[in-house]
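Worksheet for the structure shown next.
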Amino acid sequence: MVLETQKALLKSDGTRLDDRLPTYVRPAFLKTGAVKVAAGSAYAEFGSTKVIVSVYGPRESKKAQAFSDIGRLNCDVKFTSFATPLRGKAGQDIGDKEFSVLLHKALEGAVDLHSFPKTTVDVFALVLQSDGGDLPAIITCASMALADAGIVMRDIVAAISLSCVGKNLLLDPTYKEETQEDGSVMVAIMTSRREITQVTLTGEWSSTKASEALELCSDACQKLGESVFLVPKVCIEEIGNFAIFQLPRPPLRN
Amino acid sequence: MAVEEASGSASVVKDVASSMEVEAFRRLFPLQYIERYLDSAVRPDGRPLGRARPTDVVLGQVPTTDGSALVRLGNTTMLAGVKLELCVPSAETPDQGRIAIDFQMPPICSPHVRPGRPAEDACAINEQLSIVLASSQLLDLRQLSITSGKSAWVAYLDIYCLNADGSLLDAALLASAAALMDLQIPTVSINNDGKVQIVSSREKQDQPMVDAEEGQETKSKFVEGRSLKLGPVPVALTCMLHKKHLLADPTAEEEAVLQTVLVVVLDSPDKLISLYKPGGQVVATTSTVMDCIALTRLRLKEVHSILEEATQTHEED
Amino acid sequence: MINLEMSEQARVDGRTANQLRPTLCSRSLLERAHGSARWQQDNTIIMAAVYGPKPVSGKKEDPERATLEVLWKTKSGIAGNADKEAEVTIRRTLEYIVLSSMHPNTGISIILQVVNDDGAILACAINAACAALVDAGIPLTGLIVAVSVGVTTHGVVVVDPTKVEEKNFRAHVCLVFPNRPKCTVAGLPAPVGGEPAEHGIITCVTRGAMSVDEYMNCLERGRAASVKIAKFTRTSLEHCQRSYEIMS
Amino acid sequence: MVVGLSAAEKVYIAGGIAADIRGDGRGRHQFREFNIDTSVIPQANGSARICLGGTDVIASVKAELSVPPPGRPNHGKLEISVECSPTAAPEFEGRGGEELSMDLSRALQRSFLGGTSGAGAAIDLAALSIVEGKLCWALYIDGLVLSSDGNLLDALSIAMKAALSNCGLPKVEIIGGTSPEEEPDYELSGNPEEFTRLETSLVPVIVTLTKVGKHYIVDATAEEESQMTAAVSVAVNKKGSVCGLTKRGGTGLDTSVLLDMISVAKRHSAVLRRALAFAGLFSSPNVEKRPVSFCLLLFRRLDANGCRTK
Amino acid sequence: MEANDTVQTGPVSPLVLQIVAPGDIVLDLAKAGKVVRLGGGLRQDGDSVVVTRAGRLRHMQANNKYWVEGSQKRYVPNVEDGVIGVVVDRRFESYSLDIGAPTYAILPILAFEGATRRNAPNLQPGAAVYARVVKAHRDVQPELSCMDVSNKSSGFGSLKNGYVFECSTGLARSLLSKPMCPVLEALGKRFSYEIAVGLNGRVWVNAQEPSTIVAVSNGILASEFLTPAQQHIMVAKVIERMQ
């Protein structure tokens, strides 16, 4: 039965259910300046995974926290109650918390915390719709939002995940593919410096396969990073006039 | 003496204003900044006092819901989604379904919201929304009934504020109404025991044939999917009172500075669903109230046509 | 006036449409609070306590003014959205009269405990809070009067509805007006927009749908009733420390 | 874990690592000596305690009969959680401990549970099934940190592997209800000699490589961990496959460095596994649960290649 | 305190001695003429004087001063008020005193008669002090002094022994009224005791016998809502019970 469903993820011509080749990412759409009231914000769509991240601050750190000559990054990830096919809040809180921790880990290496000592920068994410690859979408979107807010960063962070189903490596999996994976890899990379800020791997991988998967992910991140880099520049002109994200739009092919 | 002092400080402000950059003046003397605009009957964003911001409604944005809508009122953005679940109706109202309204202000929407417990404002708006929807005839809960006393729909209406830039109730109410307009009740099958099951569109085509073969015994009754028949859509207009001025649809900046707020909700030109004025430094006279209602009447027409347009574009897609 | 006769028969407790319930107000009942009051409209009873001005810290501290905090406690004790909304409404209403600039960097807490709810609860709470603020000697710009008005299914407007009436009525409104002050200067308080100052609406909260004309009718009846409550507030103040009763 | 270190101590630690001689005399690729006790908790189906230098952790396995997870009728259940006792460090009380516990649990879940399809899990989930779609074993693996002096993740993984090897499942006899309509009727064997052992050869061990300065070390102490720029925890099983990867620390790592670290971790894991197998000989999951203790004193002299240096 | 600097004499407010409530307009400054002084419970709003606190409107002919006499539990400092405070903290330059106001008050170490850097009274936290308010502004902590305007101690200073109890500010004010408050007069005829009354609603009583202190303090607390005649009867009863 498990095998059957696995087959169902790939069509006879080797493409995936959404006509992608295994090593293709979904059409992505990225835009900064989604939330006008925030210091910086970004909106990202990877297929039908949609997230908004806004950045506030730097603000004074809470008194209870110990003195520190470097700044703090405060990350919080939330899901809308209709983000997933099944409505409900049960169990989601734990996921939110883990995502918040992983987001923090992926970003802290890229943000120059020395540039805002004794203060805190808030990174808040809201997943409007979840269809696989939520965490990489949040990380990529958050690094754009940080850049939009003018926080000093060493580099842009781009992230991507990959599922291993049987012998196939599926880049940027959908929710359906994620539920049937034998293993997964998530990589967040500072794209210009080619340094991995966060990596997680689950399932059983031979060394060669693991390195193949890591290479695949880092290449994809690289490409994503190049296009992400363009976004803040493109949108700077738009921010002055009318900067609200537009949901009905022609998707950008990656 | 006090009066002199006050006028003295006002003239200082004027002097400073002439030699100061606009943005700095806006930050240091927000009240004087706005008052200067108001005196020449215009708003900082160029609107006349009584006009609402450009409004934009898009239906059916979230495929994981049974009905959804995205509403933009200037910068204020609301995303509403309705999800249906099966439930047993309460004994008091056996032929009615339920609606559960949850208004959320996630921390992304405003610098004043922190993660953790919901903000006081969010609670108050949530309550206002529930009351307005209960008082208006928008949704007859009997439409959510499937079989009287046995099964009904419970509609979870969740509204998320993505960008809080004033007049939140107006936008939230519009988003709720639009999401309900977009709501599609799925087809269900009811078997002999009264057990209700949701039928996906593919199964629906197969099922009747099977039933015909097996005859009477296992025959299930189908209740076709449909959209709701809604009553007149209530429309809210937030008005700010300041001295002699009356501003419609304020931004967050205006709300923070001017303080006195009055929200009118109408669902037809003569039917008042709610009039909410929580304190503030300016008292409302009968004529002010009438002015606010008049502005809301104009807005009612405007919003109804926006909603009509949105449904049409949605159907065309 | 046929309507009025109808309503006289319609009211369960035998009141006429314009008749308030017996009202009672006593002050300084709580030993520890800096000011307290108990406001009773027949079976609706609210206890209000005021603490402060007291030092506050953190976000609540405002160098320009004292911050007001309203705590609304129902009998069940579980605070829901409705209770939060009541807190916001009452706080913003009281901000209209509290001279908060007199005590910067401090906080004033008003605790409202619902002892019994038999309709017109919000109006009672606002009246109780106002009485407690006076008792605590918090500097105020004036007094306020809150009154509740209901619209029956026949469109008849009656004042001070009970809980049963509120349930059966099509709509009900809580209105708050300024209390008319004693004045030794002619022409003051200055009329606002061609109306006497005490006709201005400070707060209005409606429940249920009604026509605009019905709302205007409510305003008129509410204003008339508010004069009686205003008079009662003043007499009860003059008989300091003693509870005082009126039958209206 | 806040370790208050002076500037001089920091230089000393980093300098020692660069010179391949650490504060306690070890080289960069040497573990501390450790001590494994099995069957330390009589109530549990399997348990083990490991002392690795100043780090002290307990793992226990509890088996319960349960219903298979939805969508996977022929699988059993495996759940992992870690608790950090406030007795280990005052920081563990309240939120600090919660966060660390969550971090450790997630890293272990990643390494032990495989993909969402259940493939690549430490224990063959199909082997936990008793009656398809109706009855299966649910294994609850709990880790408890009693004392913390760095390298908690490796210690926990070793303890859990030992506890799983130590675990015995009582025999279940199916009496009736095998048809799809009925509830299964079963009897748990009361005979203490009748139990099945779990196939644990594929349970991975985790090796954490901590990067301090330009070099990386194994089995870092708390003091060394406070000086790390990044750490990578690699779970490796008997086949030499990578079963889980977790990164800590904010600093970025080059992909080639990461791949190098994975291969180094693989070599270390082979040594650890051999030592554990040796320990396994001395413990058996008998019902009386006599604690069996095994002390790996010699382990310290085993270098990365598993040979004795002396 | 605000003043209007015109010279003419004007009429006295018709509301004097009546109960007034917040918002009541008691005086038109345009017509009031000459210097008007405003005390507690009143504020100036344009040309009119408006009540901010409920109570009885009082007027003093001598300096044309108006104030509202009410009874509050919370004390709001006013310059020249004599108050009783309790030391809560000692800093380098000053003591912090709890006087029942919204914030703690400051008593500089040198604000005692004849105090120098080397020779200043040493007060411990918990000590009761009778002092005078010298600065009372809403934006800063109130400041106290244990000297009168001519730098003499004149009764101010640390209160040793005795008993301090709290009452309403209204009662404290009536204890200080002239002619002497009936209850104190009646008690004074029978007992010999020392008393210090702070306008912040604290009273300190000391006497030879503890029983005297108890009788005096109970007598004072019981007198709040009694007429002078009733007060005399009440004191007589207290004395009777003691014998």
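Taking the stretch A:110-151 as the range and being buried (at least 24 other Cβ atoms within 10 Å of the Cβ) and of a type in the set (Lys, Arg) as the test, no residue passes.
Considered as a group, the residues in the stretch A:187-212 that are touching a residue at least 40 places away in the same chain (Cβ under 8 Å) and not aliphatic (A, V, I, L, M) include one that is nearest to the other protein chains (Cβ to nearest Cβ), and that residue is A:Glu195. For the stretch C:64-79, the count of residues that are over 17 Å from the mean Cα position of the chain (by Cα), assigned to a helix (DSSP H, G or I) and closer than 22 Å to B:Ile131 by Cβ is zero. The residues on offer are E:Asn200, E:Asn206, E:Asn218, and the sole one that is assigned to a loop (DSSP other than H, G, I, E, B), surrounded by 14 or more Cβ atoms within 10 Å (Cβ to Cβ) and touching a helix residue (DSSP H, G or I) at 6+ places or on another chain (Cβ under 9 Å) is E:Asn200.
Report yes if C:Ile90 is within 14 Å of chain B (Cβ to nearest Cβ) and touching a Phe, Trp or Tyr at 6+ places or on another chain (Cβ under 8 Å), otherwise no. Judged against the criteria, C:Ile90 is a match. Selection of the stretch A:135-169 for residues being within 14 Å of chain D (Cβ to nearest Cβ), touching a residue at least 40 places away in the same chain (Cβ under 8 Å), out of contact with any Asp or Glu (no Cβ under 9 Å at 6 or more places or on another chain) and more than 21 Å from D:Leu253 (Cβ to Cβ) yields only A:Asn168. Scanning the stretch B:82-93 turns up at least one residue that is surrounded by 23 or more Cβ atoms within 10 Å (Cβ to Cβ) and either of a type in the set (A, V, I, L, M) or assigned to a helix (DSSP H, G or I) (or both).
Here is the figure for the stretch B:123-140: residues that are touching a Lys or Arg at 6+ places or on another chain (Cβ under 9 Å) and more than 9 Å from chain C (Cβ to nearest Cβ) total 1.
Of the candidates A:Asp131, A:Asp122, the single residue that is assigned to a loop (DSSP other than H, G, I, E, B), more than 26 Å from D:Val232 (Cβ to Cβ) and within 12 Å of another protein chain (Cβ to nearest Cβ) is A:Asp131. B:Asn192 is checked against (1) out of contact with any helix residue (DSSP H, G or I) (no Cβ under 8 Å at 6 or more places or on another chain); (2) at pLDDT 90 or above; (3) of a type in the set (S, T, N, Q) and fails just one. What number does that condition carry? With (1) out of contact with any helix residue (DSSP H, G or I) (no Cβ under 8 Å at 6 or more places or on another chain); (2) at pLDDT 90 or above; (3) of a type in the set (S, T, N, Q) applied to B:Asn192, the lone miss is (2). One residue alone among E:Gly39, E:Gly33, E:Gly23, E:Gly46 is modelled with pLDDT of 85 or more and among the small types (Gly, Ala, Ser), and that residue is E:Gly23.
Just one of (1) surrounded by 18 or more Cβ atoms within 10 Å (Cβ to Cβ); (2) assigned to a loop (DSSP other than H, G, I, E, B) fails for E:Ala62. It is (1). Counting residues in the stretch A:71-86 that are closer than 30 Å to B:Ala69 by Cβ, aliphatic (A, V, I, L, M) and either assigned to a strand (DSSP E or B) or at pLDDT 80 or above (or both) gives one or more. Against the test of being more than 14 Å from chain C (Cβ to nearest Cβ) and part of a strand (DSSP E or B), the options E:Val88, E:Val83 yield a single qualifying residue, E:Val83.
Every residue, every condition in (1) within 14 Å of chain B (Cβ to nearest Cβ); (2) closer than 22 Å to E:Ser168 by Cα, yes or no:
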residue: C:Ala17; (1), (2): no, no
residue: C:Cys25; (1), (2): no, yes
residue: C:Ile45; (1), (2): no, no
residue: C:Val56; (1), (2): no, no
residue: C:Leu71; (1), (2): yes, no
residue: C:Thr106; (1), (2): no, yes
residue: C:Ile110; (1), (2): yes, yes
residue: C:Gln113; (1), (2): no, no
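Restricting the search to strands (runs of 3 or more DSSP E) fully inside the stretch B:226-297 and requiring at least 3 residues that are within 10 Å of another protein chain (Cβ to nearest Cβ) and of a type in the set (Val, Ile, Thr) gives B:260-268. The residues of the stretch C:101-143 that are in contact with a helix residue (DSSP H, G or I) (Cβ under 6 Å, 6 or more places away or on another chain) and within 18 Å of C:Pro63 (Cα to Cα), listed by number, are C:Gly107, C:Pro139. Quick one: which strands (runs of 3 or more DSSP E) sit completely within the stretch C:153-209 and have at least 2 residues that are within 8 Å of another protein chain (Cβ to nearest Cβ)? Per the criteria, C:171-178, C:203-207. The set of residues from the stretch D:239-260 being hydrophobic (A, V, I, L, M, F, W, C) and either in contact with a strand residue (DSSP E or B) (Cβ under 9 Å, 6 or more places away or on another chain) or part of a loop (DSSP other than H, G, I, E, B) (or both) comprises D:Val242, D:Cys243, D:Leu245, D:Leu253, D:Val257, D:Leu258.
So that you can scan it fast, the table gives a plain yes or no per residue for (1) under 15 Å from the mean Cα position of the chain (by Cα); (2) away from chain A (no Cβ under 11 Å); (3) aromatic (Phe, Trp, Tyr):
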{"site": "D:Asp103", "(1), (2), (3)": "yes, no, no"}
{"site": "D:Leu113", "(1), (2), (3)": "yes, no, no"}
{"site": "D:Ala138", "(1), (2), (3)": "no, yes, no"}
{"site": "D:Leu144", "(1), (2), (3)": "yes, yes, no"}
{"site": "D:Gly150", "(1), (2), (3)": "yes, yes, no"}
{"site": "D:Ala155", "(1), (2), (3)": "yes, yes, no"}
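The values are calculated or read from the model by the stated rules, or taken from the named source; none is laboratory data. Keep in mind it's a predicted model, so treat the numbers as computed, not measured. Every residue, glycine among them, receives a Cβ derived from its backbone with ideal geometry; neighbour counts consider all protein chains shown.
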